[in-house]
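Bear in mind that the values in this text are calculations on the coordinates, not laboratory data. Just so we're clear, the structure is a prediction, and the values are computed from it rather than from any experiment. Because the Cβ atoms are built from the backbone with ideal geometry, glycine has one as well, and the counts that use them run over all protein chains shown.
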Amino acid sequence: MPDGSIYDPLVDKHPGSGSPYPSSYWAREHQVAPVEPLKTVRKTQVAVIGAGYTGLSCAYHLASRWDIEPVVLEANRIGWGCSGRNAGFVLSGTGRLGLGDYQHRWGKDTAKLVYSEFRQGVDNIRYLAEQGPVDCQLQDGGYLKLAHSASMARKMARVTDNMRREFGDTSRWLTQQQARSHILSPGVYGATLTPYSFGINPLRMAENLAAMAKNAGANIYTGSPVTDWQRSDQGYRLFTPQGEVQASKVVIASNGYTLNRFHPALDGRHFPVLSSVLVTQPLSQQQQQACGLTPGPLFMDSRQLKYYYRLLPDGRLLFGGRGAITGKAANHPRYQNHLKRALAAWLPATRDIGVEHFWSGWVSVALDNYPRVGPLEDNLYAAMGYCGAGVSFATLAGQRLAETIAQGPNSLPDLPFYQTPLPKFPLPRLRRLGLKAFYHWAQWRDG
Ligand SMILES: Cc1cc2nc3c(=O)[nH]c(=O)nc-3n(C[C@H](O)[C@H](O)[C@H](O)COP(=O)(O)OP(=O)(O)OC[C@H]3O[C@@H](n4cnc5c(N)ncnc54)[C@H](O)[C@@H]3O)c2cc1C
């Protein structure tokens with residue numbers, strides 16, 4: 001890649017092959033054991049493309065529950081995509097729709113089922129993090145969604161009340177004064193506290209899932225990008241630089257990293273968008289106190305262009321938000337400076353803290369703001385469009401894919417994200433122009 005640029009799925013012809021991890025805090029903090037590339041021809045019932053949470057969870061469930069020994073082909077490394085570089089917020093939900101939106105569009109009964117599906121996603125990932133062999137550094141403390149204006153605080157208080165009444169949720173509303181016992185920020189007008197959310201170390205979580213899948217019987221190869229594939233009488237032939245997999249069924253789990261024109265059923269049906277994160281030097285005890293922060297709680301604000309942050313176990317602050325528009329511009333200093341300024345506005349006491357890491361990743365955005373999981377055609381499956389909220393849901397989506405492969409499409413719950421394909425973007429070539437316009441509008445709206 002030219003200096004500073006990163007793989008760009010809408011531009012590049014190749015997703016990389018054994019590329020190193022980004023210079024993230026997670027990759028510096030923990031060395032993931034290397035895994036060999038595929039160097040032979042292998043036959044399998046199920047081939048999975050991509051070793052993030054979706055692909056690894058699918059492989060783990062296939063192997064542990066149905067004795068299917070899938071082959072997972074990863075272009076780069078375990079968790080090299082979003083799964084090893086996210087912020088580690090385990091939240092209930094995915095996409096950009098709230099439960100009120102589901103209720104409005106599909107009715108109360110569906111919204112209730114969506115709620116329990118999302119909660120199951122959170123419970124599952126906690127179980128996997130606690131059962132697996134790798135320490136995923138769970139941080140309890142809940143999730144605070146921070147109201148960034150007085151009018152937003154009034155709206156969020158009503159929504160929180162509705163969540164308790166209609167769905168039996170245990171989130172509660174904190175007034176401005178109560179919220180300030182969790183965070184001393186001038187921009188906070190109140191907060192919804194969700195007690196069951198928690199933080200993880202995302203790269204360790206990916207390695208944990210890979211180890212669980214492997215122990216159950218899955219075969220995982222890294223440095224093995226699928227560069228070409230064909231339909232055959234028996235299913236599919238997938239070609240990697242040094243090997244080939246012949247599979248009856250294929251799962252596309254490359255999500256936001258999926259190459260443009262990888263498969264006609266996905267062309268123009270999602271939009272890879274960059275999300276970026278910085279990690280600071282460790283905050284001293286005085287600096288933590290000045291911000292009112294303790295390690296544990298997760299924070300996100302209520303803007304259109306959201307910022308999210310958490311104090312990591314070693315006292316460093318992780319702060320994330322929107323990134324550049326192209327892979328070429330991803331590491332331009334302006335994006336790091338933008339995040340740094342936003343952090344200083346949220347937490348003035350961090351103004352002089354140095355930044356040690358900055359990195360970005362491609363999240364997959366769906367036109368109608370919610371993902372799709374399931375069959376694309378006979379014997380071909382995919383899950384994508386989590387819109388940047390996929391830690392708990394990707395893991396659940398992988399499980400649902402495994403269930404539908406083993407038990408048939410009727411096993412999928414009757415919920416919007418399991419029933420229809422992703423809608424096509426109108427004028428897909430203009431997606432980036434549209435995103436630029438959206439960022440300008442949202443910046444103006446957020447004030
Ligand atoms: C900066 C950032 C912060 C985020 N923070 C959060 C958060 O705190 N909470 C949350 O819920 N969500 C968060 N997300 C989103 C979340 O990380 C993703 O939704 C989730 O990890 C997606 O997992 P996945 O397995 O579907 O895809 P990925 O983890 O992206 O995996 C896709 C894999 O496919 C591989 N691949 C691509 N093409 C090929 C090919 N042709 N052959 C073989 N392999 C291929 C890639 O190398 C990649 O490893 C964040 C995302 C980013 C970028």
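Table for the structure above
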item	result
Test item: Cα-centred dipole of the stretch 1-53, Lys/Arg +1 and Asp/Glu -1 on Cβ, debye	360 debye
Rg ratio (alpha-carbon, reference 2.2 N^0.38 Å) - the stretch 271-383	1.28
Simple label model, 7 Å out from Cα along Cβ direction - Asp352 to Arg429, nm	5.3 nm
Arg165 versus Asn410: modelled label distance in nm, points set 7 Å from Cα along the beta carbon direction	3.9 nm
Taking the C-alpha atoms of the stretch 335-384, convex hull volume expressed per residue in Å³	129 Å³
Among Ser181, Met212, Gln246 the positive-end extreme of the charge dipole of the stretch 173-272 (Cβ point charges)	Ser181
Student exercise, the stretch 332-447 dipole from Lys, Arg, Asp, Glu Cβ charges, in Debye to nearest 20	700 debye
Folded to 0 to 90 degrees: helix 108-131 orientation relative to the chain principal axis, Cα	80 degrees
Only Lys, Arg (+1) and Asp, Glu (-1) charged, at Cβ; the chain dipole about Cα centre in debye	1340 debye
With Cα atoms, 0 to 90° folded angle of helix 150-167 axis to the chain main axis	50 degrees
Coil-residue trypsin sites (Lys or Arg not before Pro) of the stretch 389-447, DSSP, other Cβ within 10 Å capped at 16	Lys424
Net +/- balance of residues flanking Arg204 in space, Cβ distance below 15 Å, scoring K and R +1, D and E -1	-1
Total formal charge among the other residues, if their Cβ is under 14 angstrom from that of Tyr236, Lys/Arg +1 and Asp/Glu -1	0
Charge context of Arg28, other residues only, Cβ under 13 angstrom, K/R +1, D/E -1	0
Compactness of the chain as Cα Rg over 2.2 N^0.38 Å, two decimals	0.94
Taking only Cα atoms of the stretch 111-258, radius of gyration then Dmax in Å	21.9, 66
In degrees, nearest ten, helix 431-446 long axis to first principal axis of the chain (Cα)	20 degrees
